[in-house]
1. Could you work out the helix-only [θ] at 222 nm for the chain, with each DSSP H run of four or more residues adding -39,500 (n - 2.57) and the total divided by the number of residues, to the nearest 500 deg cm²/dmol?
2. Under the rule of at least 5 residues apart or a separate chain, name every residue whose amide H is placed under 5 Å from the amide H of ARG144.
3. Could you give me the percent of Cα pairs per 10 Å distance bin for segment 125-164, shortest bin first, beginning at zero and ending with the bin that holds the maximum distance?
4. Do any trypsin sites (Lys or Arg not before Pro) in segment 60-126 lie in a loop, going by DSSP, with at most 14 other beta-carbon atoms within 10 Å of their beta carbon, and if so which?
5. Taking 30 Å as R0, compute the FRET efficiency from the Cβ-Cβ separation of SER125 and LEU82 and round it to 0.05.
6. Determine ³J(HN,Hα), in whole Hz, for all residues of segment 67-83 in sequence, where each value follows from phi through the Karplus function 6.51 cos²θ - 1.76 cosθ + 1.60 and θ = phi - 60°; x replaces Gly and Pro.
7. Placing one identical point scatterer on every Cα of segment 24-163 and ignoring solvent, what is log10 I(q)/I(0) from the Debye formula at q = 0.11, 0.15, 0.17 Å⁻¹?
8. For ALA23 paired with ALA146, estimate the spin-label separation in nm (one decimal), with each label point 7 Å from Cα along the Cα-to-Cβ line.
Amino acid sequence: MAVTILSGRKAGTTEDLAPGELAVVAALGFAAAAFQGYGFLVLKPALQAGMEPLAAAAVRLLGAALAVSLMGLWPAPGLRSLAPPSVGLLLRVILPGIIGYGGSSSLLLYAFAHLSAGVAAVLGSLTPILILPILWFRDGVPPRPAAVAGAGLVVVGTALVVTG
């Protein structure tokens, strides 16, 4: 996965971060991954006791929805959108949540309910790699060959671990 991340994007894209912002984004990314992993591991006993994975996903995501809603309503200027409200902006905000949380989290909780926690966590680690084609579609800029090669290595490694 490091090969994919460190390969960067093609020249000419304008969405690169300033050096100071990269550390903040990386720290937030690591914190999000840690909290997500912790949340899934805490749910494993409930799933083993027979809780329906979709109900577990709904309960788990209720807290995330509350946190995001509070940030959206907070009056701090840093939390306000730079773009004026529009249907396009609303779709760019809501669609990833539906795909990521509604779809991906539900499927991952089904994996946690029916597979070992380790195998389910390894399958969940594919999520960042699966974002590459979405970025390609959105930006119209194909990922660098090193990023594609790194993504391929992650998929092959995951398949080896899961089929083991």
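1. About -23000 deg cm²/dmol.
2. LYS10
3. Percent of pairs per bin, in order: 29, 49, 18, 3.
4. Details: sites: ARG60, ARG80, ARG92; in loops: ARG80.
Passing both the DSSP loop test and the Cβ count: ARG80.
5. Values: r = 32 Å, r/R0 = 1.07.
Computed FRET efficiency for SER125 and LEU82: 0.40.
6. Each residue's phi maps through the Karplus curve to give 5, 5, 5, 4, 5, x, 8, 5, x, 5, x, x, 9, 8, 5, 7, 8 Hz.
7. Listed by q, the Debye log ratios stand at -0.52, -0.95, -1.16.
8. For ALA23 paired with ALA146, the spin-label model returns 2.3 nm.
None of the figures in this text is laboratory data; all of them are computed from the coordinates on show. It should be emphasised that the depicted structure is a prediction, and the values quoted were computed from it without experimental measurement. Neighbour counts are summed over all protein chains in view; Cβ atoms, including those assigned to glycine, are modelled from backbone coordinates with ideal geometry.
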